[in-house]
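Trainee: Pasting in a structure now, in structure tokens, and then I'll have a few things to ask.
The values are calculated or read from the model by the stated rules, or taken from the named source; none is laboratory data. As the structure is a computational prediction, the values presented were derived from the model and not from experiment. When we count neighbours, we look across all protein chains shown, and the Cβ atoms used for this are built from the backbone with ideal geometry, even at glycine. Note: accessible area is taken over every heavy atom of the protein model, side chains too, but ligands, DNA and RNA are not part of it. Shrake-Rupley method; radii C 1.70, N 1.55, O 1.52, S 1.80 Å.
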Amino acid sequence: MDIKLRPGTPADADICGRICYDAFKTISEAHGFAPDFPAPEVAIDVLRRMLANPKFYSVVAEVDGRIVGSNFLDERNRIAGVGPVTVDPAVQNRAIGRSLMDAVQERASERNFPGVRLIQAGFHTRSLSLYAKLGYDVREHLVCMQGSGLGISVEGHVVRKATKADLENCNRLCRNVHGHDRAGELKEAIAKGSATVVEHDGRITGYATVIGFFGHAVGETNKDLKALIGAAKEFAGPGFLLPTRNGELFRWCLTNGLRIAQPMTLMSKGLYNEPSGAFLPSILY
Ligand SMILES: CC(C)(COP(=O)(O)OP(=O)(O)OC[C@H]1O[C@@H](n2cnc3c(N)ncnc32)[C@H](O)[C@@H]1OP(=O)(O)O)[C@@H](O)C(=O)NCCC(=O)NCCS
């Protein structure tokens with residue numbers, strides 16, 4: 001099969017978004033899980049925004065002039081994020097996914113990203129095998145948590161909307177936990193109005209770009225994350241991602257009625273700093 005790769009453009013959003021929706025729906029339903037995207041329009045909208053954002057590198061695969069898949073590299077931060085990579089279910093398992101992964105890896109090398117990360121659907125044996133073969137290591141077992149907003153506050157921990165003036169304090173927190181900041185993403189979230197911070201003892205001790213699938217959060221302690229999760233009105237998208245190794249926070253979520261929507265895996269290639277502190281990754285890593 002002759003696979004042609006080319007950069008994506010916003011004009012590809014409808015077809016790539018449809019394929020993205022179909023690919024996730026097919027694999028999720030085959031395993032008895034709810035699809036990541038509730039409707040094709042949601043996937044189309046997400047991909048349209050990524051295709052239009054110059055901070056995302058995109059690649060589209062074609063076979064015989066027909067689009068069969070796409071992949072993305074999130075270049076907003078010092079560590080790059082891969083995905084979503086999706087291939088038309090009709091032509092999966094024929095090396096198209098591998099080509100799309102090679103393309104973003106080449107881009108990451110050209111742009112000198114010291115490390116690349118992705119989140120994998122934990123039940124999907126094919127993507128797990130493909131990523132492992134391409135050199136990605138399993139770093140963290142995650143669960144995607146969903147439920148109604150908890151409306152819980154944590155004593156002495158005040159949650160408020162983040163502003164531009166909070167950027168440096170938040171970036172410092174992120175560097176303390178991850179060894180690098182996620183300034184690009186945070187700036188976008190503040191501009192959008194979705195980011196929150198938690199203050200304790202008169203200083204910022206945690207922040208979230210949003211508590212949801214496309215957001216990340218860091219905190220000095222679990223109390224900071226509990227305050228941020230507890231204050232969220234809803235958990236955007238399929239849910240927020242939680243490292244199960246953080247047993248205390250995991251149990252707190254379960255005790256407060258949240259449910260596991262699906263298991264997931266954080267994988268990385270290249271530089272990886274073992275996080276020190278409390279964190280929630282985003283689906284983009
Ligand atoms: C994941 C996905 C992008 C991969 O694309 P693809 O074109 O189907 O995959 P490829 O054929 O390029 O690669 C699959 C590899 O896994 C191997 N593989 C598949 N199932 C396997 C298994 N159970 N055990 C071991 N290896 C397996 C294949 O042999 C192949 O390896 P190779 O490249 O060395 O031959 C595609 O299947 C998809 O869109 N899935 C649904 C959406 C999704 O889950 N996306 C990823 C989000 S994390």
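Trainee: Has region 103-123 got any residue that is near the ligand (Cβ under 8 Å from one of its atoms), open to solvent by 40 Å² or more (accessible area, probe 1.4 Å), of a type in the set (Lys, Arg) and not in a helix (DSSP H, G or I)?
Mentor: Within region 103-123 (the criterion being near the ligand (Cβ under 8 Å from one of its atoms), open to solvent by 40 Å² or more (accessible area, probe 1.4 Å), of a type in the set (Lys, Arg) and not in a helix (DSSP H, G or I)), the answer is no, since none of the residues qualifies.
Matching residues to (1) away from the ligand (no atom under 16 Å from the Cβ); (2) in a helix (DSSP H, G or I):
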| residue | (1), (2) |
| --- | --- |
| CYS144 | no, no |
| VAL158 | yes, no |
| ARG172 | yes, yes |
| ASP181 | yes, no |
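Trainee: Search region 65-102 for residues being under 18 Å from GLY115 (Cβ atoms) and part of a helix (DSSP H, G or I), and hand back the single one that is nearest to the ligand (Cβ to nearest atom).
Mentor: MET101
Trainee: Quickly run through region 124-142 and pick out the residues that are under 18 Å from the mean Cα position of the chain (by Cα) and either over 19 Å from ALA34 (Cβ atoms) or more than 16 Å from the ligand (Cβ to nearest atom) (or both).
Mentor: Correct list: LEU128, TYR131, TYR136, ASP137, VAL138, ARG139, GLU140, HIS141.
Trainee: Are there any strands (runs of 3 or more DSSP E) wholly within region 189-285 with 2 or more residues that are open to solvent by 50 Å² or more (accessible area, probe 1.4 Å) and more than 21 Å from ALA121 (Cβ to Cβ), and if so which?
Mentor: 196-200
Trainee: Mind checking whether some residue in region 26-37 is surrounded by 14 or more Cβ atoms within 10 Å (Cβ to Cβ), among the charged types (D, E, K, R) and within 14 Å of the ligand (Cβ to nearest atom)?
Mentor: So far as region 26-37 goes, yes, one or more of its residues are surrounded by 14 or more Cβ atoms within 10 Å (Cβ to Cβ), among the charged types (D, E, K, R) and within 14 Å of the ligand (Cβ to nearest atom).
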